[in-house]
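FYI, it's all coordinate maths here, none of it is from the lab. The structure displayed is predicted, hence computed values, not measured ones. Note: ideal-geometry Cβ built from the backbone for every residue, glycine included; neighbour counts use all protein chains shown.
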Amino acid sequence: MSLESLPVLDFSRLTAGPEEASRFRDELRNAMHEVGFLYLAGHGIPQELIDAMLDVSRRFFELPDEQKLAVENVHSPQFRGYTRVGGELTDGAVDWREQIDIGVERDAVEPGAGVADYWRLEGANLWPDALPEMRAIVSEWTERLSAISLALLRALAVSLGAPEDTFDAAFAARAFPLLKIVRYPGESNPEPKQGVGSHRDGGVLTLLLVEPGKGGLQVEYQGRWIDAPQVPGTFVVNIGEMLELATNGYLKATLHRVISPLRGTDRISLPFFYNPALDATMPQLAVSQEFQSKARGLSVDPTNSPILETYGDNALRYRLRAHPNVAAAHHADLITN
């Protein structure tokens, strides 16, 4: 199969009658089997909300450094808050971006005997005082994207011959979505520089909104990198490792990376990661034999780390290796040499 750009699917087809919905589910399954990435149009997110998210994101990065550093993630045992440029590692190398991580607001869980280490990830966000409106905008964003994500998971389950509610239990009570608001300052001059290194997402499903007119995302397909620039009116959607695990590799968690913009420019990016409860284990889908025979087994990530069965174990492992400053400040007991 030759591929020059990611496939485009229209989400509104899922509610356009049984036949159209069935065709959408088949195309969704095939895209996530072959490529692991697609553009999702017809998602129904109001343009006013998209504009508000991009606007508050850019205004956050325009704050003075001392205001951004007041919510730096080193102050958060949950790895929430601001990460300065060069403060995160992917594939062992420095990512050239700044960002703020925002998760689900819950009471923190005290570490102790019999308490799984991954519960340390639950807690509060760090919000900038100068942008009080940010919390409400992000909350609506998270709610709407969570609903789309669950609908996509249900569509995938049906398309694979499994019950529609297969994934519901893992997400119903304590789903653990995460939003990153990211700014990539231009470093390519013109030779490409790393914005984010090559990796697979460790969760279940990712929905990405990119600022209009910007590129930089590249997706690996059959040994070469395919550019995935922003397409108006769409989100980029991709599979994470936990969904690959649930289908024994039939659905594909695909390597991708981000190239830094040219010097003198920048790029705002909003990746939303839809993840199950920290203590959830992804159900093994009762996939129809037609599809199970084409399952490829599990990928190995670039660090040769196996995909762990419980989502929280994967999430904590990623955080510890991506943010060594936070790990040293709050989780020294978990650091191994």
log₁₀ of I(q)/I(0) at q = 0.17, 0.21, 0.23 Å⁻¹ - the range 125-168, Debye sum with one point per alpha carbon: -0.58, -0.68, -0.74
Which helices count as membrane-span-like in the chain under these terms: full DSSP H, at least 18 Å along the axis by C-alpha, Kyte-Doolittle mean of 1.6 or more? none
Taking the Cα centre of each part, how many Å lie between the range 162-209 and the range 222-275? 7
Cα gyration tensor shape of the range 27-123, rounded if a/c is under 1.5, else prolate or oblate by comparing a/b with b/c: oblate
Under-27-angstrom lysine pairs by C-alpha in the chain, whenever the two are 8 or more apart or on separate chains: 10
If you plug each phi of the range 109-114 into the Karplus form 6.51 cos²θ - 1.76 cosθ + 1.60 with θ = phi - 60°, what whole-Hz ³J(HN,Hα) values come out, in order, with x for Gly and Pro? 10, 6, x, x, 4, x
Find, to one decimal place in angstroms, the Kirkwood hydrodynamic radius of the range 57-106, where the mean of 1/r is taken over every pair of different Cα atoms and then inverted. 11.6
Cα gyration tensor, the range 113-254 - rounded (a/c under 1.5), prolate or oblate: oblate
Cβ under 12 Å from residue 65's Cβ, residue 65 left aside: what net charge do those residues give with Lys, Arg +1 and Asp, Glu -1? -2
How big is the dipole moment of the chain about its Cα centre under a simple scheme where the beta carbon of each Lys and Arg is +1, that of each Asp and Glu is -1, and everything else is neutral? Debye, nearest 20, please. 520
Provide the per-residue ³J(HN,Hα) series for the range 123-129, in order, calculated from phi with Karplus coefficients 6.51, -1.76, 1.60 and θ = phi - 60°, each as a whole number of Hz, with x at glycine and proline positions. x, 9, 8, 10, 10, x, 4
Note, the range 268-282: 3J(HN,Hα) by Karplus (6.51, -1.76, 1.60, θ = phi - 60°), whole Hz, Gly/Pro = x, goes 9, 9, 10, x, 10, 10, 9, 10, x, 4, 4, 8, 7, 10, 5
What is the set of long-range amide H partners of residue 8 at a cut-off below 5 Å, with H atoms built 1.01 Å from backbone N? 39
The value for the range 80-162 (convex hull of the alpha-carbon atoms, volume per residue, Å³) is 184
Average projected area [Cα convex hull, the chain], square nanometres: 17.2
